[in-house]
Amino acid sequence: MASVHFLKNKTREIEIKTEKISKNIIFMQENIEVQKIEYGFLASPERISNLAKKYLSNDYIFLTSEYIKLDEKK
Amino acid sequence: MKKNKQLDLYFDEIQTNEKEHKHLEFRSNIVVSAFLIIFLIISLRLVFLGFDKNIYIYSKNNEQLFYERRDVIDSNGILLAKNTASYDLILRKNKVKNIDSILIKVKINFPTVKINNVKSEYKNKEIIILKRNLSPSDYNKVISLGEPSLELSKKEMRVYPQKNLFSHILGKIDIDNNGISGFEMYYDKELRDTKKLSIPIKLSLKTNIQYLIHEELSKGIKDFSASGAAAILMEAHTGKIISMVSLPDVDGNDRKEIKEKKYLSKTTKSLYELGSVFKTFTIASAIDNKIIGKNDLFSDLRQRVYCGKFPIDEYRWDKSKKNLTVEQILVKSSNIGTIEIIKKNGLEAHQKFLENLEIFEMPKLEVVELSKPNKNRWGKCNTFTSGFGHGISTTLLQLTRAYASIVNGGELPNASILLNSEVQKRRVISEKTSQLMNDMLRANVDKKNKTEGSGRNADINGYFVIGKTGTAQKPSETEKGYSKEIVNIFASAFPHPKPKYVLTVLIDEPNGAPQIWKHSRREAGWNAVYIAGRIIQKIGPSLAINDLDLVKFHASNSKYN
């Protein structure tokens, strides 16, 4: 009977630990889900395009085939 | 006597001892049995407690977190729609001690809450929703206030991280997480499938391409002072839609109800007479029936023909439109030449061909905003006018599919926005006809062609664009007949000779743009084509990155340019 009680108490302790861990997992999962959405907003083409307009040089050129030259020395 | 007395005494003594002994034994038995009973009860209770799970074993929560609705992602895995936890701020009446002090706290911390409305609701309701979908900072404010009557109510909220980029495709959901429009409604059951909640639904759309097309269409609306615009980019061989934009649009995260007609999807819902793009089908039908050839000459074409009493005029007639080959009829967009082709092909054959292209069928796509095209009874006159896209209306989606079948080798694909859906297609014209049509459509766009085609403003170097323009008057909303407003279309594909992508661009009610062209002409060649060209220039490199064949084709042809 004493061993049953010992076993039972040990089980309870482990169960409390696993309960805490699974609650933590859910909390972290919730956080990950929020981060995914935030990443979606932050990496949206519209936002990146606006940031590029603000901080990067806008002097792009469109290369046509005339610009492509073969290096004949090689 | 003495003996007797003694005997008696002895006997008495023994008798009293036995009695006492028995009495003691009885009492000790009672005590022992009482102890035994108590011990038994305790041990039984311990045994029962040992087996009783309800008291000690914690209820096990799911280790996985699932929301009520599946995520939606694009073909590159970018998030398009997702459920997340959200909190509403509520006021519980039965916990309120001093309503005035609570309202002051609410006013200070949440200035957007209308206090007068709360006061009026407070009289009638037990629970009052003060603010929906709290931001993280608002959430923290509620926690730090520590007011027992102010509670947080947890619920789920659908978020669209790309805002309005896919709003016409994805649609919306209601407060109870039910799809009420677009893909959300069409695919509601699958999106709520409890067995698949961890698996996102993958669409064939590409966010980067969608953004580039969205941006160019928005610029186009500004440049040409148009009321709206739309575009569809489809894989020619599979019918998978890479991008589908309709403007104006709304942010999917706004929960407002939209009733204005201008927000209708111009790709799948609105019906348009699509004009001269239909000449492509008229010519394809006659070539496929081996009635005409690419270089057959139609001579003595007139400026005006009559169908009964009704006159049909040539568009911008001049002498150069008097004698035209089949290719020139397409490139110069001759209405009268097209009628002559229908006469030669036969009215019934032409009608059957359009029906076979499913121009008048209800479009099939995984959204709910679909319209069945109007199909009037076939008469002689409307068969003639249908040859150049007048008098019949359809959706941009049906036009895109039909165009895909003309350019992809002759197979009509089913349109789909699901990445892994089965590709279904059936043959409508021969491969040879398709190749001939591609060559003619290239002539309409090729800048080097002496007969200046209406699509030449979309001849982007390296992409070998093919296509046909269409300009049509819009039916009047107030009177019988047509209004002065027009709708312009450019149905294109690239790269020639084996196009992989079909791009259709529609611009609604455009005006002239003298700032670009130094004239105010407003036909498709001066707006829809120009926009399509800019789109191809922008999306071309992005498509080529993932498409080795296109890169090889582009590289092998560049030295001849």
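So the values come out like this:
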{"item": "Count of residues meeting criterion [within 12 Å of the chain's Cα centre (by Cα), part of a helix (DSSP H, G or I) and facing chain B (nearest Cβ under 8 Å)] in the stretch A:1-46", "result": "7"}
{"item": "Within the stretch B:180-194, considering residues that are at pLDDT 90 or above and more than 12 Å from the chain's Cα centre (by Cα), the one farthest from the other protein chains (Cβ to nearest Cβ)", "result": "B:K189"}
{"item": "Answer from B:K202, B:K266 - the residue that is closer than 24 Å to B:R401 by Cβ, in contact (Cβ under 8 Å) with a residue 12 or more places away in the chain, among the basic types (K, R) and buried (at least 22 other Cβ atoms within 10 Å of the Cβ)", "result": "B:K266"}
{"item": "Sole residue being away from every other protein chain (no Cβ under 11 Å), closer than 18 Å to B:K155 by Cβ and at pLDDT 85 or above, chosen from B:L103, B:L130", "result": "B:L130"}
{"item": "Qualifying residue in the stretch B:136-150 (condition: touching a residue at least 60 places away in the same chain (Cβ under 8 Å) and not acidic (D, E))", "result": "yes"}
{"item": "Single residue of B:I466, B:I486 found to be of a type outside the set (D, E), within 25 Å of B:Q328 (Cβ to Cβ), in contact with a Gly (Cβ under 9 Å, 6 or more places away or on another chain) and surrounded by fewer than 24 Cβ atoms within 10 Å (Cβ to Cβ)", "result": "B:I486"}
{"item": "Enumeration of residues in the stretch B:180-199 that are farther than 19 Å from B:D74 by Cα and either among the charged types (D, E, K, R) or in contact with a helix residue (DSSP H, G or I) (Cβ under 7 Å, 6 or more places away or on another chain) (or both)", "result": "B:K189, B:D193, B:K195"}
{"item": "Residue within the stretch B:543-559 that is under 22 Å from the mean Cα position of the chain (by Cα) and either modelled with pLDDT under 90 or part of a helix (DSSP H, G or I) (or both) present", "result": "yes"}
{"item": "Scan of the stretch B:430-466 for residues that are among the small types (G, A, S), over 33 Å from the mean Cα position of the chain (by Cα) and part of a loop (DSSP other than H, G, I, E, B), ordered by number", "result": "B:G453"}
{"item": "Any chance B:K163 is within 14 Å of chain A (Cβ to nearest Cβ), under 16 Å from the mean Cα position of the chain (by Cα), more than 19 Å from B:K269 (Cβ to Cβ) and in contact (Cβ under 8 Å) with a residue 60 or more places away in the chain", "result": "yes"}
{"item": "So B:Y463, is it within 14 Å of chain A (Cβ to nearest Cβ) and at pLDDT below 95", "result": "yes"}
{"item": "Members of the stretch B:304-313 found to be more than 43 Å from the chain's Cα centre (by Cα) and modelled with pLDDT of 85 or more, listed by number", "result": "B:R304, B:V305, B:Y306"}
{"item": "Residue list for the stretch B:476-493, restricted to those being touching a strand residue (DSSP E or B) at 6+ places or on another chain (Cβ under 6 Å) and assigned to a strand (DSSP E or B)", "result": "B:Y482, B:S483, B:E485, B:I486, B:V487, B:N488, B:I489, B:F490, B:A491, B:S492, B:A493"}
{"item": "Any hit, the stretch B:200-216, residues being in contact with a His (Cβ under 9 Å, 6 or more places away or on another chain), within 18 Å of B:S265 (Cα to Cα) and in a helix (DSSP H, G or I)", "result": "no"}
{"item": "Single unsatisfied condition, B:Q162 versus (1) surrounded by 15 or more Cβ atoms within 10 Å (Cβ to Cβ); (2) outside any strand (DSSP E or B); (3) modelled with pLDDT under 90", "result": "(3)"}
{"item": "Any hit, the stretch B:78-96, residues being in a helix (DSSP H, G or I), at pLDDT below 90, loosely packed, with under 10 Cβ neighbours inside 10 Å and away from every other protein chain (no Cβ under 13 Å)", "result": "yes"}
{"item": "Tally of residues being farther than 16 Å from B:D446 by Cα, in a loop (DSSP other than H, G, I, E, B) and either in contact with a strand residue (DSSP E or B) (Cβ under 7 Å, 6 or more places away or on another chain) or not hydroxyl-bearing (S, T, Y) (or both) across the stretch B:494-538", "result": "12"}
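Matching residues to (1) within 25 Å of B:D439 (Cα to Cα); (2) outside any strand (DSSP E or B); (3) of a type in the set (S, T, Y):
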position: B:S218; (1), (2), (3): no, yes, yes
position: B:I221; (1), (2), (3): no, yes, no
position: B:D249; (1), (2), (3): no, yes, no
position: B:G252; (1), (2), (3): no, yes, no
position: B:K259; (1), (2), (3): no, yes, no
position: B:F278; (1), (2), (3): yes, yes, no
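The values are calculated or read from the model by the stated rules, or taken from the named source; none is laboratory data. Everything numeric here is computed off the predicted structure, so don't read it as measured data. So basically every Cβ, Gly included, is an ideal-geometry build from the backbone, and we count neighbours across all protein chains shown.
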